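Everything on this sheet refers to the single structure shown next.
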Ligand SMILES: Nc1ncnc2c1ncn2[C@@H]1O[C@H](COP(=O)(O)OP(=O)(O)OP(=O)(O)O)[C@@H](O)[C@H]1O
Ligand SMILES: [Mg+2]
């Protein structure tokens with residue numbers, strides 16, 4: 001069917017009506033925002049695997065908080081930012097831009113004063129005009145600046161929800177870790193009300209890295225760890241999304257889709273979209289589902305896997321081994337069990353295969369288990385499995 005009519009949105013934020021699950025996490029985050037509207041400072045860390053829906057959850061909560069808690073929201077994407085001052089600049093710039101069509105725009109403009117510049121060739125957009133020289137002082141005075149901003153916003157809004165998303169590049173920055181800790185300390189020891197809720201978003205290993213740079217940060221965050229969707233949630237997602245486009249799919253095919261999704265929303269959108277494009281009519285049949293999944297495997301490999309891992313496992317030499325690793329979706333395997341299923345030729349290259357995969361970070365050795373390996377990343381485990389099921393020809 002026509003790709004432009006697909007109700008799936010690979011690579012994009014999911015429209016609110018197709019957002020599925022995460023009820024407990026939403027309630028928890030909402031109650032944090034609510035507390036911040038009462039003047040209590042809150043800070044949380046949303047962690048989870050790549051593509052599991054961290055940004056989407058944060059964005060959903062931000063939407064809800066605006067309407068139900070009267071909290072202004074600002075979602076700052078920090079992917080690529082590696083340095084504290086740059087992070088602070090990006091954050092204030094984002095606050096300015098997010099205010100543009102909001103009820104609190106006037107208040108934000110008053111706060112930024114002369115530091116706003118109109119830019120853009122067509123139409124206009126606003127940009128924060130801060131020199132590199134001013135940045136260290138802005139980072140140091142983050143808390144007073146925030147207080148001033150919150151004070152201004154209080155005419156319109158009861159709190160500010162600040163989402164610091166994709167802090168992966170900052171996790172190893174000691175400056176950032178220390179800045180976070182001192183920001184929290186400065187706010188909590190002041191004894192004053194600060195209607196601010198900060199949500200830091202990143203991979204779990206990044207949270208650990210951040211804490212290793214500043215161990216006392218460990219106690220600071222409320223932790224919100226996102227797990228894979230349950231089978232029911234994945235089924236609900238497919239059902240609801242296909243239904244929205246009037247497409248029909250039988251139970252058996254639905255459970256096939258759920259099985260290959262492994263609870264990862266990012267895969268659900270890719271697989272759903274590939275099945276949609278493969279299908280000839282709105283009554284989607286088993287063959288189309290199966291073909292769609294195989295098309296999706298190829299797309300997922302190219303789009304979501306690290307290019308070196310993808311190209312390594314495309315080599316004929318390694319591909320046949322790969323197919324034998326992942327008979328079922330699993331996070332662990334043992335060399336001895338793998339070797340049992342390999343041909344003589346494959347056995348010859350199995351160690352170089354394992355070494356290469358390890359070097360690229362696709363697998364790691366399991367301490368205490370001789371010849372034991374695990375996939376550190378659910379996406380890799382699922383992809384290897386998809387590949388093993390569908391690359392057989
Ligand atoms: N609860 C959900 N319901 C429906 N779709 C979702 C949900 N959560 C995430 N998605 C979709 O899954 C994909 C990945 O989600 P998202 O970008 O939020 O994940 P992430 O954990 O932030 O990933 P990354 O680690 O790469 O930043 C997106 O296309 C998004 O629209
Ligand atoms: Mg994200």
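Of note:
- When residues of region 216-227 are limited to those that are closer than 16 Å to residue 177 by Cα and part of a loop (DSSP other than H, G, I, E, B), the one nearest to ligand 1 (Cβ to nearest atom): 221
- Counted residues, region 55-64 - those being over 26 Å from residue 187 (Cα atoms) and within 8 Å of ligand 2 (Cβ to nearest atom): 1
- Qualifying residue in region 2-15 (condition: surrounded by 15 or more Cβ atoms within 10 Å (Cβ to Cβ), closer than 23 Å to residue 154 by Cα and away from ligand 2 (no atom under 16 Å from the Cβ)): no
- When the test is whether a residue is assigned by TED's automatic domain parsing to the domain that holds residue 66, within 27 Å of residue 163 (Cβ to Cβ) and within 16 Å of ligand 2 (Cβ to nearest atom), residue 266 does not pass it.
- Residue 76 meets the stated requirement of being within 16 Å of ligand 2 (Cβ to nearest atom) and either assigned by TED's automatic domain parsing to the domain that holds residue 203 or on the phi < 0 side of the Ramachandran plot (or both).
- Among the candidates 160, 223, 203, 150, residue that is under 24 Å from residue 25 (Cβ atoms) and surrounded by 20 or more Cβ atoms within 10 Å (Cβ to Cβ): 160
- Any hit, region 189-197, residues being touching a residue at least 60 places away in the same chain (Cβ under 8 Å), under 20 Å from residue 84 (Cβ atoms) and either more than 17 Å from the chain's Cα centre (by Cα) or surrounded by 14 or more Cβ atoms within 10 Å (Cβ to Cβ) (or both): yes
- Tallying residues that are away from ligand 1 (no atom under 13 Å from the Cβ) and either crowded, with 18+ Cβ neighbours inside 10 Å or closer than 13 Å to residue 276 by Cα (or both) within region 228-251 yields 7.
- Subset tally (residues that are assigned to a loop (DSSP other than H, G, I, E, B) and within 24 Å of the chain's Cα centre (by Cα)) for region 346-384: 7
- Checking region 46-62 against the condition returns no match, with no residue being surrounded by fewer than 16 Cβ atoms within 10 Å (Cβ to Cβ), part of a helix (DSSP H, G or I) and not assigned by TED's automatic domain parsing to the domain that holds residue 381.
- Residue ID - nearest to residue 304 (Cα to Cα), chosen from residues in region 1-44 that are within 11 Å of ligand 1 (Cβ to nearest atom), touching a residue at least 40 places away in the same chain (Cβ under 8 Å) and not in a loop (DSSP other than H, G, I, E, B): 18
- Sole exception among (1) without any contact (Cβ under 8 Å) to a residue 40 or more places away in the chain; (2) outside any loop (DSSP other than H, G, I, E, B); (3) away from ligand 1 (no atom under 16 Å from the Cβ) for residue 65, by number: (1)
- Every residue from region 229-243 that is part of a helix (DSSP H, G or I) and under 25 Å from the mean Cα position of the chain (by Cα): 231, 232, 233, 234, 235, 236, 237, 238, 239, 240, 241, 242
The values are calculated or read from the model by the stated rules, or taken from the named source; none is laboratory data. Keep in mind that what you see is a predicted model, and the values were worked out from it rather than measured. A quick note on method: Cβ atoms are made from the backbone with ideal geometry, for glycine too, and the neighbour counts reach across all protein chains shown.
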